[in-house]
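Step one of this worksheet: look at the structure below.
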Amino acid sequence: MVDTKQESMESLILSDINDENLLVDSSPHIKDKLSTQSIMRDVLIALIPTSLVGVLVFGLRAIFIIATCAISAVISEYAFQKITKKEITTKDLSAIVTGVLLALNLPINTPLWVACIGSIVAIVLVKQIFGGIGCNFMNPALAARAFLLAAWPESISVFTLDGVTTATPLALLKNGQGNLPPLSNAFLGNIAGCIGEVSSLAILIGALYLLYRKVITWHIPLVYIGTVLILTTVIGRNGFLSGNGIYEIFTGGLFLGAFFMATDYVTSPLTKKGQIIFAFGCGLITTLIRIFGGYPEGVSYSILLMNLLVPVIDYYIKPKAFGNEK
């Protein structure tokens, strides 16, 4: 997720990765003035455009869901660390980022109590139990979303636009029924979907900010989105070369997932080559789920599945070690 900030550490961390006497702290490994708090602050700033569009499209309830998730995440982290007598880390803003990302991945009709449970699952069961920030093996927000979808599918599978229950563009593509909204609607934010995925433009504005701040690099987002574009065009929902790749990438949770969740320091590979392999895997699984699976969207599950393969990727894809004895 880092470019120059991380490159200086890659060789140091991975050159002796098989040395049992080498102790390496958890990710992110950043040799720079940036702190975890400043990185998380940048992510929160980058999420402002898509959050604002979500509020404009869905109304004040979007604020309630975002606030519920964020506050529940912070309280969960503080309470767990207090009970277990661990260092309180709520000031690093990572819990808020997790809560906001979870909220942006939920539909507007999600009950607030369900959103609250999602934050507790993300922070306690996915993040803190494994040691806190840097120790979780999968993205907390996406893991919580997957849990909520399995536990209360009826609560987070209903999408509305202008107060009317309707299908998302990907659901329309999947079922082959109904008229697809214009692509411009998906770009500007006039489609049904989760709170944070309805405007590709808003997500891109935030992503450009993260790229400018060098919080993320292009490797994972570009390869992920490019893979989905090519594969959905070639494979197609109605046969070879029948797909609408452009429509596929601008609708659903692809942009939000590619720029804000697949690029997570902790759950993505350390090296650039590893990140490219990781992103291609995300794109491949997303495409297979969208076209052949029973669910119209596959971003969350593809990222989570590839999160599990990150240790394997890091083990086999590592930079050449310099200065070691032959």
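For the range 185-192, state whether one or more residues are closer than 26 Å to Ile313 by Cβ, among the aromatic types (Phe, Trp, Tyr) and not in a loop (DSSP other than H, G, I, E, B). No, the conditions are met nowhere in the range 185-192.
Inside the range 261-295, residues that are crowded, with 24+ Cβ neighbours inside 10 Å and aromatic (Phe, Trp, Tyr) make up a count of 1. Screening the range 222-232 for residues that are in contact with a Leu (Cβ under 9 Å, 6 or more places away or on another chain) and under 26 Å from Arg41 (Cβ atoms) and picking the one that is surrounded by the fewest Cβ atoms within 10 Å (Cβ to Cβ) gives Ile225.
Test Pro296 against the criterion of being in contact (Cβ under 8 Å) with a residue 40 or more places away in the chain, assigned to a loop (DSSP other than H, G, I, E, B) and over 19 Å from Ala146 (Cα atoms), and give yes or no. Considered against the rule, which asks whether it is in contact (Cβ under 8 Å) with a residue 40 or more places away in the chain, assigned to a loop (DSSP other than H, G, I, E, B) and over 19 Å from Ala146 (Cα atoms), Pro296 comes out as no.
Would you point out which residue out of Gly281, Gly274 is over 25 Å from Ser184 (Cα atoms) and free of Cβ contacts under 8 Å to residues at least 40 places away in the same chain? Criteria check complete, one pass: Gly281. Looking across the range 35-52, not a single residue is surrounded by fewer than 20 Cβ atoms within 10 Å (Cβ to Cβ), hydroxyl-bearing (Ser, Thr, Tyr) and under 18 Å from Leu102 (Cβ atoms).
Here Thr98 fulfils each of the conditions (1) over 17 Å from the mean Cα position of the chain (by Cα); (2) of a type in the set (Ser, Thr, Tyr); (3) part of a helix (DSSP H, G or I) apart from (1). Just wondering, is there one or more residues in the range 73-84 that are at pLDDT below 95 and surrounded by 14 or more Cβ atoms within 10 Å (Cβ to Cβ)? Checked the range 73-84: no residue is at pLDDT below 95 and surrounded by 14 or more Cβ atoms within 10 Å (Cβ to Cβ). When you scan the range 130-145, do you find a residue that is among the aliphatic types (A, V, I, L, M), at pLDDT below 80 and in a loop (DSSP other than H, G, I, E, B), even just one? Scanning the range 130-145, I find no residue that is among the aliphatic types (A, V, I, L, M), at pLDDT below 80 and in a loop (DSSP other than H, G, I, E, B), so the answer is no. The set of residues in the range 187-210 that are of a type in the set (A, V, I, L, M) and within 19 Å of the chain's Cα centre (by Cα) comprises Ile195, Val198, Leu201, Ala202, Ile203, Leu204, Ile205, Ala207, Leu208, Leu210.
Looking only at residues of the range 89-109 that are modelled with pLDDT under 95 and of a type in the set (Val, Ile, Thr), we find that the one that is nearest to Leu52 (Cα to Cα) is Ile108.
Being in contact with a Cys (Cβ under 8 Å, 6 or more places away or on another chain) and surrounded by 23 or more Cβ atoms within 10 Å (Cβ to Cβ) is a property that holds for Ala103. Residues in the range 245-257 include at least one that is at positive phi and not in a helix (DSSP H, G or I).
Of all residues in the range 139-151, those satisfying the criterion of being under 13 Å from the mean Cα position of the chain (by Cα) and buried (at least 21 other Cβ atoms within 10 Å of the Cβ) are Asn139, Pro140, Ala141, Leu142, Ala143, Ala144, Arg145.
The values are calculated or read from the model by the stated rules, or taken from the named source; none is laboratory data. Note that the structure is a prediction, hence the values are computed from the model and not measured. Counting neighbours? That spans all protein chains shown, and the Cβs are built from the backbone with ideal geometry, glycine included.
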